[in-house]
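First the structure, in the form of structure tokens, and then the observations on it.
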Amino acid sequence: MGAIGMNEVMSIPTGFLVCDAMLKAAEVEMVSAGCVCAGKYFAVVSGEVAAVRAAVEAGREAAGGTLVDHLVIANVHEDVAPAIMACTGTEHLAAVGVMETYSLCAAIYAADAAVKAADIRLLEVRLGRGLGGKSFVLLTGEVAAVKAAVEAAEGLEETQGLMGQSVVIPSPHPDLLRTIQ
């Protein structure tokens, strides 16, 4: 994939403008975009690092004073974009980790750090839809790996002050799988 970039704004109409500006600024691919609670809008793109940087910058300029947060992650882990699109799944849960964030960008940073830190599988990165502006990252793997992944995400400079509660469930009940698919 290369890089992933995102702009989060506090205006839905401006969000559409930002999304359009990002897509027109460089050759990038839309990963996800949409409205989230608290009247915010986000746009996530992927592509080569320089193109993603250019797209995010164009979006930031279009956002003006409505910009809430933005990010560019070069060398993003290949599992992050599918987890944002909720295109992952599993038939078996080992240990489960759930990390809550107060920022959409913080959730993406946390997911990337987690999957790079340990042998885990990202199940979903839920970006603020129906969550009062919060986001969460859902992952699975062996207990020690899930703990290491959560600790790596919580220790990231970009997530400081933006992490809510995190939990690691060592032996989830088999029916828990139905609640996350």
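The values are calculated or read from the model by the stated rules, or taken from the named source; none is laboratory data. The shown structure was predicted, so the numbers you read here are calculated from the model rather than taken from an experiment. Glycine gets a Cβ as well: all are built from the backbone with ideal geometry, and neighbour counts include every protein chain shown. Areas reflect the complete protein model, heavy atoms only, side chains present, ligands, DNA and RNA absent. Shrake-Rupley method; radii C 1.70, N 1.55, O 1.52, S 1.80 Å.
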Checklist entry - Only one of Val76, Val36 is β-branched (Val, Ile, Thr), closer than 30 Å to Gln165 by Cβ and modelled with pLDDT of 95 or more; which? => result Val76
Checklist outcome for this item: Selection from the stretch 35-65 of residues in contact with a Lys or Arg (Cβ under 9 Å, 6 or more places away or on another chain) and either of a type in the set (Asp, Glu) or open to solvent by less than 50 Å² (accessible area, probe 1.4 Å) (or both) yields Val36, Cys37, Ala55, Ala58
Next on the checklist: The conditions are (1) at pLDDT below 95; (2) within 18 Å of Ala81 (Cα to Cα); (3) not in a loop (DSSP other than H, G, I, E, B), and Ile4 fails exactly one of them. Which is it?
Outcome noted: (1)
Checklist entry - Can you tell me which residues in the stretch 20-33 are at pLDDT below 95 and buried (at least 19 other Cβ atoms within 10 Å of the Cβ)? => result Val31, Ala33
Checklist entry - Does Lys134 satisfy the condition of being surrounded by fewer than 24 Cβ atoms within 10 Å (Cβ to Cβ), out of contact with any strand residue (DSSP E or B) (no Cβ under 9 Å at 6 or more places or on another chain) and among the basic types (Lys, Arg)? => result no
Next on the checklist: Looking only at residues that are among the charged types (D, E, K, R) and within 17 Å of Ser103 (Cβ to Cβ) in the stretch 17-71, which one is nearest to the chain's Cα centre (by Cα)?
Outcome noted: Asp69
Checklist entry - Quick check: anything in the stretch 131-145 under 19 Å from Leu104 (Cα atoms), over 15 Å from the mean Cα position of the chain (by Cα) and modelled with pLDDT under 95? => result yes
Item to check | Positions within the stretch 137-160 being in contact with a Phe, Trp or Tyr (Cβ under 9 Å, 6 or more places away or on another chain) and either open to solvent by less than 10 Å² (accessible area, probe 1.4 Å) or closer than 21 Å to Gly39 by Cα (or both), in sequence order | outcome: Ala153, Thr159
